[in-house]
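Structure first, commentary second.
The values are calculated or read from the model by the stated rules, or taken from the named source; none is laboratory data. These figures come from a predicted structure and were not determined experimentally. Counting neighbours? That spans all protein chains shown, and the Cβs are built from the backbone with ideal geometry, glycine included.
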């Protein structure tokens with residue numbers, strides 16, 4: 001595990017990656033609607049905190065576009081098409097910016113695109129935080145094994161609420177009340193109790 005895991009993450013050096021949350025996956029992904037709720041909360045918080053958000057769509061010609069619930073235009077999410085499984089395409093690399101050190105990662109599927117994205121990010125020196133309640137796969141088993149592997153290779157596996165509190169660090173933060181409103185209702189069960 002990297003030494004970065006001992007440091008608190010910073011708003012100024014973080015970015016949110018939203019991986020392949022597309023309509024065609026809705027019927028087959030475990031806890032899809034609950035994952036979407038968690039991702040919506042993350043997006044809302046990132047907009048409040050002025051954290052850049054980028055997303056990808058895996059082969060949208062066949063798998064459709066990002067689901068409407070994520071409101072990509074209103075939420076200022078730049079979305080890029082891809083055919084490779086990793087999100088770290090040339091377009092995304094150009095979008096990240098030199099100041100980014102930490103990638104907060106959510107989306108689909110944990111054992112494929114999220115895993116391969118994480119490996120590439122770690123190879124490129126980024127700290128990677130996987131939002132455990134904001135990722136999923138078709139089966140809980142695939143998600144479970146992938147989360148274990150991700151942690152083993154050096155990613156931090158955390159919950160959305162944990163990350164939101166770490167980003168603001170104190171109740172004195174000027175955006176604390178806005179973030180508090182997001183987490184007053186606990187995140188929905190996304191299958192973590194079975195992992």
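Annotations for the structure displayed:
- Residue match in region 139-153 (condition: in contact (Cβ under 8 Å) with a residue 12 or more places away in the chain, out of contact with any strand residue (DSSP E or B) (no Cβ under 6 Å at 6 or more places or on another chain), within 23 Å of residue 6 (Cβ to Cβ) and surrounded by fewer than 21 Cβ atoms within 10 Å (Cβ to Cβ)): yes
- Taking the numbered list (1) modelled with pLDDT of 95 or more; (2) over 26 Å from residue 83 (Cβ atoms) in turn, residue 146 passes all entries but (2).
- Qualifying residue in region 100-111 (condition: in contact (Cβ under 8 Å) with a residue 60 or more places away in the chain and over 13 Å from the mean Cα position of the chain (by Cα)): yes
- Among the residues listed as 49, 16, the single one being modelled with pLDDT of 95 or more, closer than 26 Å to residue 189 by Cβ, crowded, with 22+ Cβ neighbours inside 10 Å and in contact with a strand residue (DSSP E or B) (Cβ under 9 Å, 6 or more places away or on another chain): 16
- Subset of region 154-175 [without any contact (Cβ under 8 Å) to a residue 12 or more places away in the chain and within 12 Å of residue 130 (Cα to Cα)]: 162
- Hits in region 114-165 - residues which are over 26 Å from residue 33 (Cβ atoms) and not in a strand (DSSP E or B): 119, 120, 121, 122, 123, 124, 125, 126, 152, 153, 154
- From 42, 88, 16, residue being touching a helix residue (DSSP H, G or I) at 6+ places or on another chain (Cβ under 6 Å) and part of a strand (DSSP E or B): 16
- In region 118-134 there is no residue matching the filter, namely being over 20 Å from residue 11 (Cα atoms), surrounded by 23 or more Cβ atoms within 10 Å (Cβ to Cβ) and touching a strand residue (DSSP E or B) at 6+ places or on another chain (Cβ under 7 Å).
- Residue check: residue 194 meets all listed conditions (1) touching a residue at least 60 places away in the same chain (Cβ under 8 Å); (2) more than 21 Å from residue 13 (Cβ to Cβ) but one, namely (1).
- Number of residues in region 53-66 that are surrounded by fewer than 18 Cβ atoms within 10 Å (Cβ to Cβ) and in contact with a helix residue (DSSP H, G or I) (Cβ under 8 Å, 6 or more places away or on another chain) equals 4.
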